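Accompanying notes for the structure given below.
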Amino acid sequence: VFLLPSFYEGLPVVGIEAQANGILCKFSSNMTKEAKVLNTTEFISLKETAKKWAEIILEDYKNFKRKDSFDEMTQNNFNIIEEAKKLEKYYINLNNR
């Protein structure tokens with residue numbers, strides 16, 4: 001389980017990486033909604049008690065099955081292979097100027 005109970009956060013790369021690895025993720029509801037890539041990721045309000053966070057996490061963890069998330073990440077425009085190709089093309093174009 002990956003938890004990110006942050007008050008202020010942009011797009012958390014570490015949260016995207018956790019999802020890419022198929023880990024159950026719980027983010028604070030203060031987080032940008034674009035941070036949710038997988039359906040298993042959930043936002044929880046920081047107004048909730050620590051006990052409530054624990055209850056949510058434990059309940060979801062009981063039913064969680066870690067899986068390969070490549071297809072779902074790709075469908076949501078998080079594909080390292082495609083992005084690497086774009087970056088390579090960008091550098092080649094810079095070099096050819």
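All of the numbers you see were taken from the coordinates with simple rules; none came from a lab. As the structure is a computational prediction, the values presented were derived from the model and not from experiment. Cβ atoms come from the backbone with ideal geometry, glycine included; neighbour counts cover every protein chain shown.
One table, with the values for the structure above:
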read-out: Residues of the range 1-22 with amide N under 11 Å of the 7 Å Cα→Cβ point at A84; value: none
read-out: Restricting the range 1-50 to chymotrypsin sites (Phe, Trp or Tyr not before Pro) in coil, as DSSP defines it, with at most 10 other Cβ within 10 Å; value: F7, Y8
read-out: Projected label distance in nm at N96 and A54, using a 7 Å step from Cα toward the beta-carbon; value: 6.0 nm
read-out: Stretch gain in nm, segment Y61-Y8, where the contour uses 0.36 nm per residue and the Cα spacing is subtracted; value: 16.5 nm
read-out: Sparse-neighbourhood loop sites, trypsin sites (Lys or Arg not before Pro) in the range 22-78 - DSSP loop, at most 13 other Cβ within 10 angstrom; value: K47, K65, R66, K67
read-out: Rounded if a/c under 1.5, otherwise prolate or oblate - the range 5-95, Cα gyration tensor axes; value: oblate
read-out: Other-chain or far-sequence residues with amide H under 5 Å of F2's (modelled H); value: L24, C25, K26
read-out: Computed E for L46/N76 - FRET, C-beta separation, R0 25 angstrom, nearest 0.05; value: 0.50
read-out: For the chain, built as a Gaussian network whose Cα springs stay under 10 Å, the top-fluctuating residue of A50, A20, A35; value: A50
read-out: The chain - charge dipole about Cα centre, Lys and Arg +1 at Cβ, Asp and Glu -1, debye rounded to 20; value: 80 debye
read-out: Percent RCO, i.e. relative contact order, over the range 2-95, from Cα pairs under 8 Å lying at least 6 residues apart; value: 25 percent
